Amino acid sequence: MTSIPTIQTLYTQILSDLSNPTTGFSPIPVFGKIFLRALAMVQAVKLKLFYIALAGVQKNIFVDTADPEAQGGTLERFGRVKLKRDPFPAVSGVYNVTVTGSVGGVIPASTTFISNDDALSPGMLFILDTAHVMATGSDTVSLRALNQGTISKLSIGDKLTATSPLALVDSLATVSAETTQPIDAENIEEYRGKSVQAYQLEPQGGAPSDYRIWSYSVAGVKQVYPYAAVGNDINLFVESEPSSAIDLIATPSPTMLNAVKAAIETPSGGQAKKPLGVFQINYLPVSLKQVDINIVGYAGITPAIKDLILNSVKQWIGTIRPYVAGADAPQDKNDVLDINKVIAVILATQPGATFSTLSIEVDGFGLASKTFINGDIPFLNSITYS
């Protein structure tokens with residue numbers, strides 16, 4: 001995209017044009033025709049605005065550079081064409097909780113509970129949408145988080161307390177099940193990336209690229225990795241966005257796996273997407289592989305340097321993913337973890353760093369290099385120094 005000239009550059013160019021001998025003002029005098037300098041500045045400011053407007057138009061005719069609609073751009077329009085949806089909004093978690101009390105006791109609609117200090121997300125509010133009358137001494141009711149997303153996520157066994165006294169019902173409630181998984185709003189750059197992939201991948205009636213496009217209709221899915229299995233089966237490994245993962249890394253919940261299955265196999269508009277000839281699609285979570293790195297004899301190591309190296313290596317390892325032929329571009333292939341690449345990342349972070357040796361373990365096994373295939377996903381567990 002052409003760079004936008006500064007006002008001073010435009011002003012100088014206009015003065016140069018006005019000073020051209022053919023205009024009769026060569027050069028522009030300090031007195032008499034001085035108004036031409038003011039005119040040049042006014043025109044320079046106006047041209048600057050035109051350049052900015054044209055740059056905005058140029059930027060927003062491509063999905064990879066378009067601004068979101070909230071900033072006056074066209075990104076979501078591209079997504080609606082290829083993904084057939086807007087960015088996923090945040091989803092409130094819904095939980096079954098156990099309450100105790102006397103038979104006939106009433107919990108009014110809109111009663112709020114607050115999660116206790118020892119809960120996974122303390123101090124968050126949850127609401128009862130429908131009034132409940134106690135049928136036994138211990139009943140189950142459904143509470144919805146007032147704050148959307150994972151900020152209000154609870155674990156089984158977490159306690160909540162009613163914010164106002166309840167007649168014939170104890171104030172304490174205990175989480176027994178998560179019925180709706182809380183999901184954070186889809187990041188605009190995640191949405192852009194999926195839109196770009198949808199344009200790059202051509203639908204082919206069951207090719208690896210199709211499984212990715214189909215799975216992008218499920219909130220919280222980061223990526224899927226389809227592979228041919230025994231016979232005519234397909235193994236579809238599903239990776240979750242960290243905020244939606246049950247381990248906060250990449251492992252999808254059973255609910256997400258079922259949602260991916262429904263997106264592919266449940267008819268939509270009268271048509272299911274499961275290709276003919278495929279006996280079964282196995283919907284599987286990715287398999288996390290723990291990476292531990294040991295650095296021996298690092299000269300001049302400090303806590304600040306340790307943090308920089310940890311963050312850089314962790315970010316790089318987070319980009320290593322299984323390669324799927326037919327869905328990934330060969331030039332983007334990045335499925336190998338090896339010692340030399342780790343050393344290169346460290347030296348890029350700390351130029352001139354010196355150390356004796358570096359070793360890598362994946363799931364406890366020492367190795368110099370590993371290629372990640374199928375649903376294997378690496379994650380950095382630790383970097384130690386000795």
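If you add up the charges near VAL224, with Lys and Arg at +1 and Asp and Glu at -1, over every other residue whose beta carbon is less than 9 angstrom from its beta carbon, what do you get? Could the numbers behind the result be given before it?
On the way: positive: ARG212, LYS222; negative: GLU239.
Local net charge: +1.
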May I ask for the angle, rounded to the nearest 10°, between helix 7-18 and the longest principal axis of the chain, with both axes built from Cα atoms and the value confined to 0 to 90°? 30
DSSP bridge pairs, the stretch 288-385: antiparallel proportion in percent, nearest 5: 55
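What FRET efficiency do you get for ILE127 and SER171 if R0 is 22 Å and r is their Cβ-Cβ distance, rounded to the nearest 0.05? Could you put the intermediate results ahead of the total?
Values: r = 15 Å, r/R0 = 0.69.
About 0.90, to the nearest 0.05.
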How far apart, in nanometres, would the label points at LEU120 and ASN187 be if each is projected 7 angstrom from Cα along the Cα-to-Cβ direction? 2.1
MRE, 222 nm, helices only [DSSP H, n ≥ 4, -39500 (n - 2.57), over the chain, to nearest 500]: -8500 deg cm²/dmol
Against the longest principal axis of the chain, how steep is helix 339-349, in degrees 0 to 90 to the nearest 10, with axes from Cα atoms? 60
Highest mean first, what order results for 106-113, 145-152 on Cβ atoms within 10 Å? 145-152, 106-113
Consider the candidate values (1) 279; (2) 144; (3) 207; state which one is volume of the Cα convex hull per residue in Å³ computed from the structure displayed. (1)
Degrees separating the helix 35-59 axis from the principal Cα axis of the chain, which is the longest one: 40
Given the pairs LYS194/LYS306; LYS289/LYS341; LYS222/LYS261; LYS194/LYS333; LYS222/LYS273; LYS82/LYS222, which span a C-alpha to C-alpha distance of over 24 angstrom in this model? LYS194/LYS306
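Which order, highest average first, do 281-294, 356-369 follow once you tally other Cβ atoms within 10 Å for each residue and take the mean per peptide? It would help to have the intermediate numbers written out before the result.
On the way: 281-294: 18.2, 356-369: 12.8.
Highest to lowest by the protection proxy: 281-294, 356-369.
Can you tell me what share of the DSSP beta bridges in the chain is antiparallel? A percent to the nearest 5 is fine.
75
Only the coordinates and a few stated rules stand behind these numbers; no lab work does. Worth saying up front: this structure is predicted, and the values here are computed from it rather than measured. Positions of Cβ are backbone-derived with ideal geometry, glycine not excepted, and every protein chain shown enters the neighbour counts.
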